[in-house]
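Structure first, then comments.
No lab work stands behind these numbers, since they all come straight from the coordinates. The model shown is predicted, which means the values in this text are computed figures rather than measured ones. Virtual Cβ from ideal backbone geometry, glycine too; neighbours counted across all protein chains shown.
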Amino acid sequence: MVVEKGNVQVVNAKDRIILGVDPGTNVMGYGLLRITGNKPSLMLMGILDLKKYTDPYTKLNKIFLRTLELVDEYHPDEFAIESQFFGKNVQSMLKLGRAQGVAISAALYRGLTVNEYAPLKIKMSITGNGMASKEQVAEMLRKYLHIPQELMLPQMDATDGLACALCHFFESKTLGTGKKFTSWKDFAAKNDSRVNGLTATKERSLKKKQSADDPKNED
């Protein structure tokens, strides 16, 4: 086993590899599983810390490049990513959607099929409880994959990415219901309401801001 720069790497014989990503504009978590026969084992887990960058486009570029690096270095056969969940903070949702989009773009650019899973689905798949905490998910992963406690990373984003990969493994065993996309056009076509909804929300937010800034609207 090799531990370097917050990553945990384990070398085993290859059958197939799954890359799981937990997208984010402050921290991106990722995990790779090696499937030997029908048994998953930890290959790598880590994070991309983006908090030191202030420019949002620099963050997106870092996410894209890191995803490409993971694909080029470890040659995963399958790619799984956590989908957006609906929240009240529109700006946070837009940022998360962008982070997810560039990670998906990188995977598609390298010819991987994208498999998308909702947070509740991932938690249910790993723990049997869709409302499980990040700590519970991490502990279940540790036990199931036999990861020594000293090799567990303190950042839960890493285990969230690994959980996404394991969820995909379980789903692929049972011909699961995760959404699959073969190109960016396919992703957009199958998420028409989401794409249009985010665009409409962004336009409404912009119009509201412009209206507030308009001197004509001052008392």
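At a 10 Å Cβ-Cβ cut-off, how would you order D22, D15, fewest neighbours first?
D15, D22
Would you be so kind as to identify which of L65, P76, V102 lies farthest towards the positive end of the dipole of the range 30-156, taking Lys and Arg as +1 and Asp and Glu as -1 on Cβ and the Cα centre as origin?
V102
Using DSSP to call loops (not H, G, I, E or B), can you name the GluC sites (Glu not before Pro) in the range 118-162 whose Cβ has at most 11 other Cβ atoms within 10 angstrom?
none
When a footprinting reagent is the concern and you count Cβ atoms within 10 Å, what order do F64, F79, F170 take, fewest first?
Listing F64, F79, F170 from fewest to most nearby Cβ atoms yields F170, F64, F79.
Convert each backbone phi in the range 146-157 into a coupling constant with the Karplus relation 6.51 cos²θ - 1.76 cosθ + 1.60 (shift: θ = phi - 60°), then list the ³J(HN,Hα) values in order as whole Hz, x for Gly and Pro.
6, 8, x, 4, 5, 9, 6, 7, x, 7, 6, 4
Need one number: nm distance between label points at K173 and N129, each 7 Å from Cα along Cα→Cβ, rounded to one decimal.
According to this spin-label approximation, the distance is 2.1 nm.
Report, in listed order, any pair from K52/K123; K143/K173; K123/K143; K62/K173 with a Cα-Cα distance greater than 27 Å.
Beyond 27 Å: K52/K123; K62/K173.
Going by how many other Cβ atoms sit within 10 Å of their own, how do S41, S83 line up, fewest first?
Least to most surrounded, the residues fall as S41, S83.
For the range 2-183, what is the largest minus smallest coordinate of the Cα atoms on each principal axis, given in angstrom and ordered from greatest to least?
Projected onto its principal axes, the Cα set of the range 2-183 covers 41, 35, 33 Å.
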